[in-house]
Amino acid sequence: MGKDFSSALRPAIVMIILFAALLGLGYPLAMTGIGQALFPVQANGSLVRGAGGQVIGSTVIGQPFTADRYFQTRPSAAGKGYDGLASSGSNLGPAAQALVDRVGADVGKRRGEGVHGPVPADLVTASGSGLDPDLSPAAALAQAPRIARVRGISTDRVRALVTRRTQGSVLGAPHVNVLALNQALDAGLR
């Protein structure tokens, strides 16, 4: 039994070491290299840099904007808000009182900001990841009067900005990136 066991054990150990090296080191290094070579911006987090070169955000991860002069993002269920380490939905069902209370408070907040008519759902509900960087055009347009009032510009100019920045999608609905909108506002509505 000893010799048969050792002769069967040796190939198993060699295969474990081989596949650990191949799949634990070789494959991740190859994928990282390919990502860096073909998609360097995306592989490094789709970071957006300011005029001084400092990172101000990402096009694929949402961040909160709280000043009235900016487009507000949708609520986040990720930790204390847009915490990438706590990315997840709230797991609250439509009948959960905690969700009803939170959405009710968010609707009240949006009404206080001047949103009239139906409140777009993405202004009062969190995304599945809690990190969504985009809004529907309707949610952005609902905020245009507040932004125009605070910045002292016409509502039509803000609405035109939203229209210019709206992106189509092959599989999804049209959307607009909140960080890109707010950067355009700061740059004079480009």
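Couple of notes before you dig in:
- Of Ser169, Ser76, the residue with the largest accessible area leads and the full order is Ser169, Ser76 (1.4 Å probe).
- Comparing Gln167, Gln63, Gln97 in a Gaussian network model of the chain where C-alpha atoms under 10 Å apart are linked, the largest mean-square fluctuation is found at Gln97.
- Largest first, the three principal axis extents of the alpha carbons in the range 122-167 are 35, 21, 13 Å in whole numbers.
- Scaled against 2.2 N^0.38 Å for its residue count N, the alpha carbon radius of gyration of the range 56-155 is 1.09.
- Amide proton proximity set for Asp83, modelled H, under 5 Å, gap of 5+: Ala78
- For Ala43 and Ala173, a Förster radius of 25 Å and the Cβ-Cβ distance give a FRET efficiency of 0.40, rounded to the nearest 0.05.
- Each residue of the range 78-137 gets 95 Å³ once the volume of the Cα convex hull is shared out per residue.
- Taken as entire DSSP H runs, the helices of the chain that both span 20 Å or more between Cα atoms along their own long axis and average 0.5 or more on the Kyte-Doolittle scale are 2-21.
- Cα-projected label distance for Asp156 with Phe19, points at 7 Å along beta-carbon direction, nm: 6.8 nm
- Note on the chain: Kirkwood hydrodynamic radius from all Cα pairs is 19.8 Å, rounded to one decimal.
- Under 5 Å from the amide H of Val48 lie the amide H atoms of Ile56, Gly57, Ser58, Thr59, each residue being 5 or more positions distant or on a separate chain, with H modelled from the backbone and absent for Pro and chain starts.
- Rounded accessible area of Phe5 (nearest 10 Å², 1.4 Å probe): 120 Å²
- Helix-only CD estimate at 222 nm, as mean residue ellipticity for the chain, using -39500 (n - 2.57) per DSSP H run (n ≥ 4): -13500 deg cm²/dmol
- Under a model in which nothing but the beta-carbon of Lys, Arg (+1) and Asp, Glu (-1) is charged, the range 125-184 shows a dipole of about 320 debye around its Cα centre.
- Centre separation in Å (Cα based) which lies between the range 36-95 and the range 112-130: 17 Å
- Dividing the C-alpha radius of gyration of the range 1-48 by 2.2 N^0.38 Å, with N its residue count, gives 1.98.
- Contact order normalised by residue count of the range 7-150, Cα under 8 Å, 6+ apart, percent: 23 percent
- Label-point separation in nm, Ala30 to Thr163, each point 7 Å along Cα→Cβ: 5.0 nm
The values are calculated or read from the model by the stated rules, or taken from the named source; none is laboratory data. Keep in mind it's a predicted model, so treat the numbers as computed, not measured. For neighbour counting, all protein chains shown are included, and Cβ atoms are generated from backbone atoms with ideal geometry for every residue, glycine included. Side chains included, ligands, DNA and RNA excluded: accessible areas come from the protein's heavy atoms. Shrake-Rupley method; radii C 1.70, N 1.55, O 1.52, S 1.80 Å.
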